[in-house]
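Novice: Handing you a structure now.
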Amino acid sequence: MKTPTNTYQYAKTLPIFNLKIKCIVFFLLLGSFLNSQNQVTLVQSDMASDPFIRELDSSVTRYNYHNPVEKVYLHTDRDLFSSGENLWYKAYAVLGEHHQFSLASKVIHVDLIGPNTEILVSQTNELFDGKAIGSIALPKNLPAGNYQLRAYTNWMRNFDHDFFFTKMVQVVGATDMPPPPQNISDAIDLQFFPEGGHAVAGLLGQVAFKAIGSDGLDRKIRGYIKDSEGKPVIHLGTITRGSGFFYLQPKLGENYIAILDDGSEYPLPKIMDQGYTMTINNTGQKNIKVKIQSTEPLRKGPFYIIGHINNKKYYQGSFEFENQETLSFEIPKNGIPSGVLALTLFDQNKKPWCERVVFINNQEGLVINAKISLEKISKRNEIAVDINVTDTNGKPVSTELSLSITDEGQVVKNLNSGNILTHLLLQSDIQGHIQNPGLLFKDQNRLTLHAMDLVMLTHGWRKFPWQEIHEGTLPTKEFDFAKGLTISGLARDGFDKRLKNVDLNIIAKSGDIVGMLSTKTEQDGKFLIPDFNFNGTTRIVFNAISSTKKPLNVKVTLDSNRISVPPSHFKSHFIMGNTKEVTKYADFSSTRKNMRLLYDYDNTTELEEVVVTKIIPKKIEASMPSTLGQTPDVTLHTKDTRESGLSLMDFVSRFAGVTVYGSFPYIAVSIRGRGAPLWILNGVPVGNDIGSLKPSVPAQIASMDISNVERVELLKGPSAAIWGSRGGNGVFLVYTKRGGGSELKLSPEFDITGHTAEREFYSPNYSVKLDRHSFPDYRATLYWNPTFRTDNNGNAKLLFYNSDNAEQIQVAIEGLSDEGKPGAYLKTFGDKEEKL
């Protein structure tokens, strides 16, 4: 073969692998790739002008714009708990193909699900730049057993719920889990997965299988495959993780059945008479080997192979058999990001025939390391943890991380369990349970790569709905990106008539956090308050404003506003055994429970409902209280003056630093020479009804005399901040007397529950002697820090105090860089040999 002098010109007709085929390959990241067999470099060709590729790109781009992929992950302080303890977590939410922090969703849902699908706790937390921190107070009467932690966003509910974050946690309960019914058998679910999607008559192909028990865990099996005449065709046996594979060249019209050693029978999938097969070898570190076969009629036309990771295209190729029965080529892994790569085969009519996923592990995650300051860990000593984070090239990374330090004598985290790296790159795109996913990331040797490929063959994945994409149909989504909780209700006037198209101002206060919200009633008097982001018990006060900006009497009835949660399918018949680890943990747990009241100093009551609305109408007192309990900077009471006939403006001028000038109706007030302040009458903002010609006091305020005023409060600086920019020049709050000339309008108040109230992890400081420190300290989680950041050199230092008994500590660190690179670290420190 004559080597072409211009590979760009000759790329379309270049023979590859000694086959006379036409191949146009466009490797999106590199612009080129190396064929390892012929050492021929193919450069970027004119595939962008191919009608199929152009139309597919347009359709996929449109689909992705309307269907961005959002994922969540929870880092918990540990995996083993006892009833009544706190489970601490850090939530990460990412959006798009690069796993960057999601700014679309502002709310994350977290559920605790019991062994029989019951949802025991359901919470929401506000997401700040894709991150949230929270905790779950496990019920005190929780029986021992396995429980599921589930997390998702509102947007994720539009898609397959198998892609929600889930995690198994074990609980040492106050009582044992009741035994399962005796009639529950450990029936094996055996499923077969022809590579590429279908077994095709006459074509040799790989068929993978997976066996799981009634508890969802892997099972080992042995048996054989027989044909319709009962003749054995091939032996069957698991290799790893309940999975295995065999090669089969099926005959048209045959029905194959698997027979296990226990006599159970399982039919294989139906055989197709026409089609393609895609056989892939992904056990090499550098390249993916691909072999395509098809039935004779399909060899006459071209076909395409498209590769996507996280819905972004990284590979495309156009091929023709030209009378050959098999076509083989390689895809280099270098330059493709880590993750699940879905390869789809289309014919020239845009019909998808085969799809196969492979995992790319280019080990691009964050490199996290830690060391402690002490050679010996002893009772209650102060321990410093130095943390360093770099990329794979050794460049320092400044990023936010979460950290848990536990007593390994009580709780041992499994080095091979899931973490933020395994979840974002693998588990979040694969259906079904993957046991010990960390083992699949430990190295790049052939056995590890083969085990990973079996997972790819035997699990469903996040698929493109190709028919929907080609047809251009974009169904309306039921669930939006939530920006907050929603409060709804009905507003009526003092005569119980529905208020139509009336402005409602709402003042909300949770703890020291105060804010203002506004909405408008519909024709039927109903209203919605979207984007409500307050934590815990929140007091809200409603004020109604007429179209002429006058306060109205309003009666409000709130809806229950409970958030519907997706159904649970989690079931566990596991009965926790009396193992050495569980027994030891239960002993420590019993001691801790006796000390809980002593150590949980900032005990906060948390309601389990997401938005449980408890309506508490408030009667208007004779003396109106300060708005939401605010403490004003200065207050003047009219009862303290003996002068009569004073105008409100004369009275206001008695505040220090307040100047009143002009004459009605153009009266202006300033506080220490600043601009016009905001006026609030009985909790309702009063606008200037003269216009913007002059910064005048509203006529309703300027015309008042003090005979109808009970008091005036002045807010300045930080205390006026809740009124936003309108209160930048100060705020006057005018309260009238009951029955006065300016009638006090009905402003109903309610106590509702917003997002889950935030709790603070208790970490003792033994450098300060306190009476409480005289009690034993048997903490399981020694230190929990859900949010800290490394500096520009990639370094951070954290301090904590040891318990009374921990001799070995386990440090678990997880995080995600601003560029979407995940990282995880787990190591044990202590007297015994460190476990890497």
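Novice: If the Cβ limit is 7 Å and pairs must be 6+ apart or interchain, which residue in region 756-775 that is within 23 Å of Trp88 (Cα to Cα) and open to solvent by less than 40 Å² (accessible area, probe 1.4 Å) pairs with which residue that is small (Gly, Ala, Ser) and at pLDDT 90 or above?
Specialist: Thr756/Gly134; Ala757/Gly536; Arg759/Ser135
Novice: Another one. Hey, can you tell me all the residues within region 521-543 that are free of Cβ contacts under 8 Å to residues at least 40 places away in the same chain and of a type in the set (Gly, Ala, Ser)?
Specialist: Gly525
Novice: Go through region 462-482 and give me each residue that's assigned to a loop (DSSP other than H, G, I, E, B), open to solvent by 60 Å² or more (accessible area, probe 1.4 Å) and either in contact with a Pro (Cβ under 6 Å, 6 or more places away or on another chain) or among the charged types (D, E, K, R) (or both).
Specialist: Lys463, Glu478, Asp480
Novice: Considering only region 419-447, state which residues are in a loop (DSSP other than H, G, I, E, B), open to solvent by 10 Å² or more (accessible area, probe 1.4 Å) and either more than 25 Å from Gly213 (Cβ to Cβ) or touching a Pro at 6+ places or on another chain (Cβ under 8 Å) (or both).
Specialist: Matches in region 419-447: Asn419, Lys442, Asp443, Gln444, Asn445.
Novice: Among the listed residues Asn146, Asn183, identify the single one that is at pLDDT below 95 and within 29 Å of Ser564 (Cα to Cα).
Specialist: So the residue among Asn146, Asn183 that is at pLDDT below 95 and within 29 Å of Ser564 (Cα to Cα) is Asn146.
Novice: Can you name every residue in region 94-121 that is among the β-branched types (Val, Ile, Thr) and part of a loop (DSSP other than H, G, I, E, B)?
Specialist: The one that is among the β-branched types (Val, Ile, Thr) and part of a loop (DSSP other than H, G, I, E, B): Thr117.
Novice: Here's a check for you: in region 511-525, which residue that is of a type in the set (Val, Ile, Thr) and either open to solvent by 40 Å² or more (accessible area, probe 1.4 Å) or farther than 13 Å from Thr557 by Cα (or both) is farthest from the chain's Cα centre (by Cα)?
Specialist: Among them, the one singled out is Thr519.
Novice: Something else about it: Working only within region 647-677, note down all residues that are free of Cβ contacts under 8 Å to residues at least 40 places away in the same chain, over 16 Å from Ala699 (Cα atoms), open to solvent by less than 80 Å² (accessible area, probe 1.4 Å) and not β-branched (Val, Ile, Thr).
Specialist: Ser653, Ala656, Gly657, Gly673
Novice: For Leu528, which of the numbered conditions (1) open to solvent by less than 30 Å² (accessible area, probe 1.4 Å); (2) in a strand (DSSP E or B) fails to hold?
Specialist: (1)
Novice: From the list Gly223, Gly284, Gly230, Gly242, which residue is more than 35 Å from the chain's Cα centre (by Cα) and modelled with pLDDT under 95?
Specialist: Matching residue, one of Gly223, Gly284, Gly230, Gly242: Gly230.
Novice: Run His450 past the list (1) of a type outside the set (A, V, I, L, M, F, W, C); (2) under 20 Å from Ile239 (Cα atoms); (3) outside any helix (DSSP H, G or I); (4) in contact (Cβ under 8 Å) with a residue 24 or more places away in the chain and report the number of the one that doesn't hold.
Specialist: (3)
Novice: Being assigned to a strand (DSSP E or B), open to solvent by 20 Å² or more (accessible area, probe 1.4 Å) and either closer than 18 Å to Gly717 by Cβ or modelled with pLDDT under 90 (or both), is that true of even one residue in region 638-646?
Specialist: No, region 638-646 has no match at all.
Novice: Please determine, by comparing only the residues of region 136-162 that are under 15 Å from the mean Cα position of the chain (by Cα) and part of a strand (DSSP E or B), which one is nearest to Ser589 (Cα to Cα).
Specialist: Ranking the candidates gives Leu149 first.
Novice: Additional query: Condition first: within 20 Å of Phe101 (Cβ to Cβ) and β-branched (Val, Ile, Thr). Now tell me which residues in region 391-407 satisfy that.
Specialist: Val397, Thr399, listed by residue number.
Novice: Look through region 214-246, keep the residues that are among the small types (Gly, Ala, Ser), open to solvent by 10 Å² or more (accessible area, probe 1.4 Å) and outside any strand (DSSP E or B), and return whichever of them is nearest to Asn281 (Cα to Cα).
Specialist: Here the answer is Gly216.
Novice: Are there any pairs, at least 6 apart or on different chains, whose C-beta atoms fall under 6 Å, with the first in region 267-280 and under 23 Å from Gly230 (Cβ atoms) and in a strand (DSSP E or B) and the second open to solvent by less than 70 Å² (accessible area, probe 1.4 Å) and of a type in the set (Gly, Ala, Ser), and if so, which?
Specialist: Ile271/Ala199; Ile271/Ala201
Novice: Mind listing whichever residues of region 454-511 are of a type in the set (Asp, Glu) and touching a Phe, Trp or Tyr at 6+ places or on another chain (Cβ under 9 Å)?
Specialist: Passing the criteria: Glu468, Asp480.
Novice: Does Leu80 satisfy the condition of being surrounded by fewer than 23 Cβ atoms within 10 Å (Cβ to Cβ), modelled with pLDDT under 95, among the aliphatic types (A, V, I, L, M) and over 21 Å from Asp162 (Cα atoms)?
Specialist: yes
Novice: Cβ-Cβ below 6 Å, separation at least six or inter-chain, first residue in region 406-418 and modelled with pLDDT of 90 or more and open to solvent by less than 30 Å² (accessible area, probe 1.4 Å), second part of a loop (DSSP other than H, G, I, E, B) and of a type in the set (D, E, K, R): which pairs?
Specialist: Thr406/Arg78; Val411/Arg78
Novice: Moving on. Count, please, the residues in region 552-567 that happen to be part of a strand (DSSP E or B) and either under 16 Å from Asn501 (Cβ atoms) or within 36 Å of the chain's Cα centre (by Cα) (or both).
Specialist: 4
The values are calculated or read from the model by the stated rules, or taken from the named source; none is laboratory data. Just so we're clear, the structure is a prediction, and the values are computed from it rather than from any experiment. So basically every Cβ, Gly included, is an ideal-geometry build from the backbone, and we count neighbours across all protein chains shown. We work out accessible area using only protein heavy atoms, side chains counted, and drop any ligands, DNA or RNA first. Shrake-Rupley method; radii C 1.70, N 1.55, O 1.52, S 1.80 Å.
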